[in-house]
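Please read the structure below before turning to the comments.
The values are calculated or read from the model by the stated rules, or taken from the named source; none is laboratory data. Everything numeric here is computed off the predicted structure, so don't read it as measured data. Using ideal geometry, Cβ is built from the backbone for each residue, glycine included, and neighbour counts are taken over all protein chains shown.
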Amino acid sequence: MNTEARNWPCIATAPFGLEGLAAGELKRLGMAEVKAEPGGARFTAASPEKILLCNLRLRMADRVLIILAEKPCRTFEELFQLVSEIPWETLVSPEGKYNVSGKCARSQLMSVRDCQAIAKKAIIERLRRRTGRTVFPERAEPYPIEVSLHGDVARIALDTSGDALNRRGYRTWNGEAPLRETLAAALVELSPWRPGMRLYDPCCGTGTLLIEAAWRAAHRAPGLTRAFACEAFPAFREVDAASLRASLSAECDLGRIGEIAGSDIDPEAVALAEKHVRQAGLRGLIGLQTLPLQELRLEGEPGVFLCNPPYGERLGDRKSGQAVCRALAQLQKRHPGWALCAISSDPMFERIYGRRADKKRRLYNGRLECEFMVFGARERG
Ligand SMILES: C[S@@+](CC[C@H](N)C(=O)[O-])C[C@H]1O[C@@H](n2cnc3c(N)ncnc32)[C@H](O)[C@@H]1O
């Protein structure tokens, strides 16, 4: 790949079921040649600044990778050649730390360790040839490099994110069964809620859904206050990251946040949610209380209940999970006009709830296969 070229082929990785949503975000960000595929969405970025913009703005993707090379490889020699052809001397600094990770699926080259070792050897040899250096201390900034083989096609990529994009910075402790921030953002997107409508999470735990919805309403870039690996890359030296952050910060308007609130039966979870809300810069903008959802009664304009109730799989047992499901059905009955959206791995959820979901989508919460269900879909605002 020629680093002087205007276009940077990239992929925003995303978990199963969220690839199309990540592709939609990339299109809205103005990226070119966006195409969803299993495991993510490919796109072309016109500059390193655009790549940083994706890291700062994407809500539902895991990482942004620059694709450096991609070709069928059936032998270690072919893999070595492929990695050697990449102009590493323009991409990394000689003092950097080259962290090569690997994965292999349905490929002749099956040993992940050997692929990592071959790739690393090829990088160092190329750098040695091109820079004349003989020593690579690997002490300075990290370069996360991914070697993946899928059906004998090797893809060599540079991870520009570093820590995964779900690490927004507001969560300091995870609670019992928190939702990944990226999945929470996706549920907000898939729900009929839109900024301006009322949103309530009756099992809010550590507050992830509420925070992601508030940030979405405020147009707050999720990566605004964290750093990304690419900010130390040579090709990004010219990028004025401070100005980019300042302009994204200026676009954030907390005044756009409507009525967003939640409750949980567990006071410790609510205390954590309060802490996360503060750390997300949303103090006083999200209502929180300790309350069993069986006692919840809301007055006024209908809105959307959005929740990640206990599945009876990871928290407690199936019976108590199903009791919460019944209580959610009662909650919706007590609130005419409200939609209720829930994610659950329990295949009996709809039966226990007592009605079929109006909309459903299969997703994974970690390794758990789940359905995201919308009961009583409201018109989008
Ligand atoms: C899977 S966790 C939610 C995690 C949350 N989405 C987060 O990101 O932290 C389920 C939550 O439901 C709460 N819960 C269980 N039974 C409840 C009830 N009857 N009323 C209200 N909350 C309940 C639990 O205390 C727990 O915090």
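Would you check which residues across the range 151-161 are at pLDDT 95 or above and closer than 13 Å to R106 by Cβ and list them?
Taking the range 151-161 and keeping what is at pLDDT 95 or above, we get 153-161.
Result: V153, A154.
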- Name the residues in the range 283-309 that are part of a loop (DSSP other than H, G, I, E, B), within 12 Å of the ligand (Cβ to nearest atom) and of a type in the set (A, V, I, L, M), would you? L291, L296
- Item | Entirely in the range 1-85, the helices (runs of 4 or more DSSP H) that have 3 or more residues that are more than 22 Å from the chain's Cα centre (by Cα) | 76-84
- Selection count where residues are under 28 Å from the mean Cα position of the chain (by Cα) and polar (S, T, N, Q), scope the range 112-141: 1
- Note on the structure: How many residues of the range 263-277 are more than 9 Å from the ligand (Cβ to nearest atom) and of a type outside the set (A, V, I, L, M)? The answer is 3
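A280 - would you say it is surrounded by 21 or more Cβ atoms within 10 Å (Cβ to Cβ) and more than 16 Å from the ligand (Cβ to nearest atom)? Write out each step before concluding.
Working: surrounded by 21 or more Cβ atoms within 10 Å (Cβ to Cβ): yes; more than 16 Å from the ligand (Cβ to nearest atom): no.
No; evaluated as a whole, the condition is false for this residue.
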- Query: If you go through the range 322-345 one residue at a time, how many are more than 17 Å from D201 (Cβ to Cβ) and touching a strand residue (DSSP E or B) at 6+ places or on another chain (Cβ under 9 Å)?
  - Reply: 1
- The residue from T131, T206 that alone is polar (S, T, N, Q) and either in the same structural domain as P87 (by TED's automatic domain parsing) or surrounded by fewer than 17 Cβ atoms within 10 Å (Cβ to Cβ) (or both) is T131
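Can you pull out the residues in the range 92-108 that are in a loop (DSSP other than H, G, I, E, B) and under 13 Å from L79 (Cβ atoms)? Talk me through it step by step, then tell me what you get.
Of all residues in the range 92-108, those in a loop (DSSP other than H, G, I, E, B) come to 92-96, 106-108.
Matches in the range 92-108: S107, Q108.
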- Message: When you scan the range 316-333, do you find a residue that is assigned by TED's automatic domain parsing to the domain that holds L190, within 11 Å of the ligand (Cβ to nearest atom) and over 14 Å from Y353 (Cβ atoms), even just one?
- Response: yes
- Message: Just to verify a result, which residue in the range 349-367, among those that are touching a helix residue (DSSP H, G or I) at 6+ places or on another chain (Cβ under 7 Å) and under 19 Å from Q322 (Cβ atoms), is modelled with the lowest pLDDT?
- Response: N365
- Message: One residue is enough: does the range 26-38 have a residue meeting the conditions in contact (Cβ under 8 Å) with a residue 24 or more places away in the chain and buried (at least 20 other Cβ atoms within 10 Å of the Cβ)?
- Response: yes
- Starting from residues that are more than 9 Å from the ligand (Cβ to nearest atom) and surrounded by fewer than 21 Cβ atoms within 10 Å (Cβ to Cβ), keep the ones in the range 170-189 and report whichever is modelled with the lowest pLDDT. W173
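Working carefully through the options R155, R126, find the one that is touching a strand residue (DSSP E or B) at 6+ places or on another chain (Cβ under 9 Å) and among the basic types (K, R). It would help to see each step written out before you state the result.
Working: R126 fails: touching a strand residue (DSSP E or B) at 6+ places or on another chain (Cβ under 9 Å).
Residue meeting the stated conditions: R155.
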- Task: Name the one entry in R198, R167, R126 that is closer than 19 Å to L91 by Cα, surrounded by fewer than 24 Cβ atoms within 10 Å (Cβ to Cβ) and either away from the ligand (no atom under 16 Å from the Cβ) or not small (G, A, S) (or both).
- Result: R126
- Item | The lone exception for C104 - which of (1) modelled with pLDDT of 95 or more; (2) touching a strand residue (DSSP E or B) at 6+ places or on another chain (Cβ under 7 Å) it fails | (1)
- Message: Suppose we filter the range 297-326 for residues that are without any contact (Cβ under 8 Å) to a residue 40 or more places away in the chain and within 30 Å of the chain's Cα centre (by Cα); how many remain?
- Response: 8
- The condition from (1) at pLDDT below 95; (2) assigned to a strand (DSSP E or B); (3) not aromatic (F, W, Y) that G312 misses is numbered (2)
- Has the range 284-299 got any residue that is in contact with a helix residue (DSSP H, G or I) (Cβ under 6 Å, 6 or more places away or on another chain), among the hydroxyl-bearing types (S, T, Y) and surrounded by fewer than 19 Cβ atoms within 10 Å (Cβ to Cβ)? yes
